[in-house]
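Quick notes on the structure that follows.
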Amino acid sequence: MPTADGLDGARSLQDLIAALDRGGDGEAVLAFTADGVVSVGRTELAERSRRFAAWLATRRGARGRPIAIFASNGVEAVVARLAMILAEALCVPIDFDATPARLADLLVDSGTRMLFVSEDFLETARTAAALVDGEVEIILLGDGADAGAGAGKETWSARLSAPLPPAFGPADPGAAVAQFYTSGTTGLPKAVPLTHRHILTNLRILLGLDLVRPGDRLVLPLPLHHAYPLIVGLLLPLAAGAAVVLPAGLAGPEFIQAVREGRARGVIGVPRLYEAFLAGLDNRIASLGGPKGRLLSFLIAVSLWARKRLGWRIGRRLLRPLHAELAPDLEILACGGARLDAETEWRLEGLGYTVLTGYGLVETASIATFNSPGAARVGSAGRPSPAVEIRIVPVAGMVDGEVLFRGPIVFDGYAHNPEANAEAFAEGWFRTGDLGRLDADGFLHISGRIKEVIPLPDGKNVAPGDVEEVYGQSPFVAEIAVLERGGALAALVVPDIEALRGAGHADVAQQLRLAFGELGRGLPGYMRLADFAVTREPLPRNQLGKFKRFQLADIYERAARGRPAAAGAPTGADRERMARGRAKAVMAWLERRFPETALHPDTSLQMELDIDSLAWLDLGLDLQRELGVTLTEETMAGLIDVRDLIDAVESAGNAGGVGQATARQADARWLADPPPWARVCGRLTLGVARLAAGILFRLQTRGGHRLSRPGPLIVVANHLSDLDPLVLAAAIPRAAARRVWWGGDAARVFGTRAGRLLARVAQAFPVDDRAPDASLGRALQVLAQDRILVWFPEEWRSPDGRLQPFRAGIGRLVDRSGADVLIAVIRGTYEAMPRRARLPRPHRVSVAFGEALASAEIRAAAPPEPGAARERAIAEALHRLMARRIAGDEAGKG
């Protein structure tokens with residue numbers, strides 16, 4: 001087994017602290033704080049730790065005693081942890097995210113009666129202590145107004161002046177030195193004691209890789225209450241003679257400051273940290289624009305190609321100016337805690353960094369497998385450590401098996417939890433609960449956790465991480481978590497509002513639906529999303545970035561009911577802006593319209609205020625009446641949040657002086673009867689359509705005679721493919737064809753001269769989602785002339801062949817026209833020509849026309865008050881009828 005000089009002969013972690021004095025007084029900790037940078041040398045750190053351990057020994061003894069620490073990263077927290085090792089106390093680290101109730105539970109579970117706390121967590125600690133039976137002694141780490149709370153009035157400086165005993169220890173190598181708690185991503189956390197031997201064994205293995213050298217500086221932005229940052233991020237550098245750089249906080253700018261100004265050679269991080277780093281780099285390149293931005297993007301692409309295809313690591317030389325600007329000394333990026341996406345890893349490698357990934361759990365003293373330089377495989381968790389044996393055990397219904405370990409780094413069992421131990425061990429092997437496989441070269445690939453696997457009614461099992469990886473590729477997704485709802489897969493989605501705004505998309509749900517339809521095409525049917533809910537609420541994660549999945553269901557239900565979490569408090573600049581001028585008037589207007597909603601510039605107009613394009617028609621008139629501002633429909637359709645609305649109003653000017661009115665006059669050119677030449681061309685075109693539909697698609701039609709009734713009629717059809725208009729036109733009887741008018745997409749159909757010519761021949765008028773009032777006006781004029789109007793209420797072709805929600809426009813059309821409705825079910829066109837297909841392929845298709853539905857009956861079932869709620873109710877009723885017709889046809893086929 002490889003060893004390192006710093007741990008030669010070491011029997012316990014006490015020997016690691018003793019070794020701090022050897023090899024000169026180099027840096028040990030470099031801490032960035034609000035007041036500046038604090039540097040502590042190795043000898044000084046050892047001295048402080050010994051003196052605090054001596055003081056601790058006077059507090060009713062410390063040996064074997066559980067002492068909790070609930071503190072942010074800093075020199076004092078490092079000293080406290082090392083002092084507990086020397087004093088042979090059992091360190092119980094507490095998660096930053098702990099509520100008073102959770103903290104109290106952990107204090108009781110661990111039997112802790114002494115709690116070290118930093119000032120930022122003092123109030124939480126006091127509240128928690130009050131919930132525990134018996135006294136909990138609270139020791140403040142550092143000098144402050146509340147120094148010594150619950151423990152006399154000693155100052156931090158006084159504690160560090162305690163007289164030293166002749167020696168500490170020696171500690172029993174098999175004694176527990178720390179008791180961590182599992183992350184609780186799928187339920188309640190369990191207590192994991194780790195001994196000196198567990199941790200020392202892993203440290204020796206990692207030191208033997210020679211990745212960390214004396215004099216190096218490693219940035220540790222992760223909280224020390226997890227095993228990975230404590231062992232790999234703190235103890236490993238100290239054992240190697242390197243320095244630990246602690247950022248002033250966990251935010252991005254504080255991390256970048258620590259890396260750059262701390263002259264760090266390496267970072268101990270997690271996937272979300274590196275994903276945020278790359279996102280910031282992308283934004284930086286986008287802001288450059290022009291030739292400079294294009295050149296940088298090209299050089300990055302070349303570097304990535306060379307790394308992927310040729311194995312050359314040329315990024316540091318090729319991108320030298322970028323590295324000099326970002327972090328000139330940074331070379332190594334260590335990543336653990338969760339699976340790093342392969343594409344993210346490649347991008348970091350392409351930039352010139354050495355990415356070191358590994359896998360392990362707190363139960364394996366952190367690292368159990370790792371990718372080492374010269375023996376790494378991107379996308380894998382690496383090969384097993386020399387300190388473990390690995391076994392993959394099959395799991396019913398899953399492709400991958402469960403990963404099992406045994407060896408000297410594997411813990412001995414959960415504290416006072418025999419039930420959990422019985423489940424966790426099998427014949428001496430620790431069952432990780434993770435799914436994985438070993439490839440032909442012995443590299444481990446992790447695919448998910450067994451407890452997170454979603455069992456479906458058809459017997460299929462789905463690892464949610466696999467599905468999240470596919471759908472998360474959409475640029476409009478900031479976060480996505482998959483869960484089971486109603487026997488199928490659903491997703492909770494946090495949208496990337498800036499990406500949507502940059503692409504000009506205000507309809508968040510519609511854009512996500514289209515993106516998910518495209519991305520899901522490559523998945524088996526049972527792995528595709530059946531539904532999703534959109535929220536602004538950040539998805540719950542632990543400090544290492546893993547989802548707390550047991551909390552997702554409640555958030556999903558809130559989002560599905562249209563109750564997403566509101567944005568936070570406005571910034572000072574926002575408050576100042578909203579207190580004057582038109583911004584103040586807009587906010588006052590919104591407060592009158594939405595008195596029960598806490599408004600913020602980032603409040604989503606669609607998700608939080610439920611304003612869609614049709615609702616804007618009424619709100620636009622109100623905005624004009626109350627504020628004297630007229631916004632075009634195109635402008636209103638592009639508004640995403642309150643900030644966008646304020647920007648639009650401030651730049652609009654007064655009513656009558658800007659743009660165009662919300663309501664437009666219908667273009668009579670597209671609504672008049674076609675001239676003779678167009679009628680002749682129309683009959684020829686229809687004949688060709690019928691011939692093609694019969695030969696290529698073996699079209700079958702039912703109920704076409706129902707179109708021969710007099711009076712206005714709306715044909716509501718599902719929309720599967722670009723073939724739908726052709727097939728539907730071919731299915732309409734000749735006697736009715738002359739009365740049929742179509743709505744055509746304003747951009748796709750009317751954007752070219754050939755498209756406009758075809759529209760004239762086919763009796764189509766423009767429909768523009770950005771101008772719903774004008775489109776509605778044209779449709780109403782068609783019906784006012786006793787014509788038949790064909791309407792696709794989904795508006796977009798289905799991305800996956802399933803029926804999509806109906807837009808509220810059909811509800812408004814039915815309500816205002818009074819026309820009867822006839823439902824037409826199209827089948828087979830998705831298979832013949834799905835989205836993205838360039839050419840159709842032969843496939844049987846059919847069109848079934850149902851009985852006409854009386855408009856009066858449809859409207860009678862909706863709320864009596866006119867407005868968006870009534871129109872939405874009519875649209876939903878028609879959607880249910882369509883869904884039943886489709887399901888009935890399926891049952892009849894079966």
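The values are calculated or read from the model by the stated rules, or taken from the named source; none is laboratory data. If you're wondering where the values come from, they're calculated on a predicted model, not measured in any experiment. All Cβ positions, glycine included, derive from the backbone under ideal geometry; neighbour counts span all protein chains shown. Surface areas here come from the heavy atoms of the whole protein model, side chains and all, with no ligands, DNA or RNA. Shrake-Rupley method; radii C 1.70, N 1.55, O 1.52, S 1.80 Å.
The set of residues in the stretch 6-28 being within 20 Å of Val177 (Cβ to Cβ), outside any helix (DSSP H, G or I) and not small (Gly, Ala, Ser) consists of Asp8, Arg11. For the stretch 96-137, enumerate the residues that are within 19 Å of Gly74 (Cα to Cα) and not hydrophobic (A, V, I, L, M, F, W, C). Matches in the stretch 96-137: Asp97, Ser118, Glu119, Asp120, Glu123, Thr124.
One residue stands out among those in the stretch 585-602 that are in a loop (DSSP other than H, G, I, E, B) and at pLDDT below 75: the one that is least open to solvent (accessible area, probe 1.4 Å), which is His600. Of all the residues in the stretch 484-511, those that are modelled with pLDDT of 85 or more and either in a helix (DSSP H, G or I) or open to solvent by 20 Å² or more (accessible area, probe 1.4 Å) (or both) number 2. Applying the set (1) under 29 Å from Val219 (Cβ atoms); (2) open to solvent by 20 Å² or more (accessible area, probe 1.4 Å); (3) outside any helix (DSSP H, G or I) to Gly142 leaves exactly one unmet item: (2). Pairing each residue of the stretch 520-538 that is among the hydroxyl-bearing types (Ser, Thr, Tyr) with any residue that is open to solvent by 70 Å² or more (accessible area, probe 1.4 Å), provided the two are 6+ apart or on different chains, yields C-beta distances under 9 Å for Tyr526/Asp458; Tyr526/Lys460; Thr535/Arg558.
Picking from residues in the stretch 125-139 that are open to solvent by 10 Å² or more (accessible area, probe 1.4 Å) and small (Gly, Ala, Ser), the one that is nearest to Arg102 (Cα to Cα) is Ala129. Only one of the numbered conditions (1) under 22 Å from Asp95 (Cβ atoms); (2) out of contact with any Gly (no Cβ under 8 Å at 6 or more places or on another chain); (3) buried (at least 21 other Cβ atoms within 10 Å of the Cβ) is not met by Gly266, and that is (1).
In the stretch 528-540, the residue that is modelled with the lowest pLDDT out of those that are in contact with a helix residue (DSSP H, G or I) (Cβ under 9 Å, 6 or more places away or on another chain) and surrounded by fewer than 19 Cβ atoms within 10 Å (Cβ to Cβ) is Glu537. Counting only helices (runs of 4 or more DSSP H) that fall entirely inside the stretch 764-850 and contain at least 1 residues that are modelled with pLDDT under 85 and not β-branched (Val, Ile, Thr), the qualifying elements are 772-784, 809-817. Condition first: among the small types (Gly, Ala, Ser), over 14 Å from Gly26 (Cα atoms) and crowded, with 20+ Cβ neighbours inside 10 Å. Now tell me which residues in the stretch 38-57 satisfy that. Those that are among the small types (Gly, Ala, Ser), over 14 Å from Gly26 (Cα atoms) and crowded, with 20+ Cβ neighbours inside 10 Å: Ser49, Ala53, Ala54. Every test in (1) open to solvent by less than 20 Å² (accessible area, probe 1.4 Å); (2) farther than 20 Å from Ala869 by Cα is passed by Ala808 save one, and that test is (2).
Within the stretch 422-443, is there a residue that is touching an Asp or Glu at 6+ places or on another chain (Cβ under 6 Å) and modelled with pLDDT under 90? No. Taking the criterion of being crowded, with 17+ Cβ neighbours inside 10 Å and either among the hydrophobic types (A, V, I, L, M, F, W, C) or in a loop (DSSP other than H, G, I, E, B) (or both), the residues of the stretch 380-390 that qualify are Ser380, Ala381, Gly382, Ser385, Ala387, Val388, Ile390.
Taken together, the criteria place Ala368 among residues that are small (Gly, Ala, Ser), modelled with pLDDT of 90 or more and open to solvent by less than 20 Å² (accessible area, probe 1.4 Å). What about Ser12, is it in contact with a Pro (Cβ under 8 Å, 6 or more places away or on another chain), open to solvent by less than 40 Å² (accessible area, probe 1.4 Å) and either over 14 Å from Gly169 (Cβ atoms) or not aliphatic (A, V, I, L, M) (or both)? So Ser12 fits the description; yes. Taking the criterion of being free of Cβ contacts under 8 Å to residues at least 12 places away in the same chain and more than 49 Å from the chain's Cα centre (by Cα), no residue of the stretch 692-714 qualifies.
When Glu469, Glu423 are checked against the criterion of being open to solvent by 70 Å² or more (accessible area, probe 1.4 Å), farther than 29 Å from Pro495 by Cβ and not in a strand (DSSP E or B), Glu423 stands alone in meeting it.
Against the criterion of being in contact with a strand residue (DSSP E or B) (Cβ under 6 Å, 6 or more places away or on another chain), at pLDDT 90 or above and assigned to a helix (DSSP H, G or I), Phe116 does not qualify. Note on the stretch 276-300: residues that are of a type in the set (Gly, Ala, Ser) and touching a residue at least 12 places away in the same chain (Cβ under 8 Å) total 3. Among the conditions (1) modelled with pLDDT of 75 or more; (2) surrounded by 15 or more Cβ atoms within 10 Å (Cβ to Cβ), the only one that Gly581 does not satisfy is (2). The requirement of being under 18 Å from Ala334 (Cα atoms), open to solvent by less than 10 Å² (accessible area, probe 1.4 Å) and under 26 Å from the mean Cα position of the chain (by Cα) is fulfilled nowhere in the stretch 236-248; no residue meets it. Residues in the stretch 157-197 that are at pLDDT below 80 and of a type outside the set (A, V, I, L, M, F, W, C): Pro165, Pro166, Gly169, Ser183, Gly184, Thr185, Thr186, Gly187. Note on the stretch 273-328: enclosed helices (runs of 4 or more DSSP H) holding 2 or more residues that are touching a His at 6+ places or on another chain (Cβ under 9 Å) and under 12 Å from Leu348 (Cα atoms) are 315-318. For Ala779, the criteria (1) surrounded by 22 or more Cβ atoms within 10 Å (Cβ to Cβ); (2) in contact with an Asp or Glu (Cβ under 9 Å, 6 or more places away or on another chain) hold in every case but one, which is (2).
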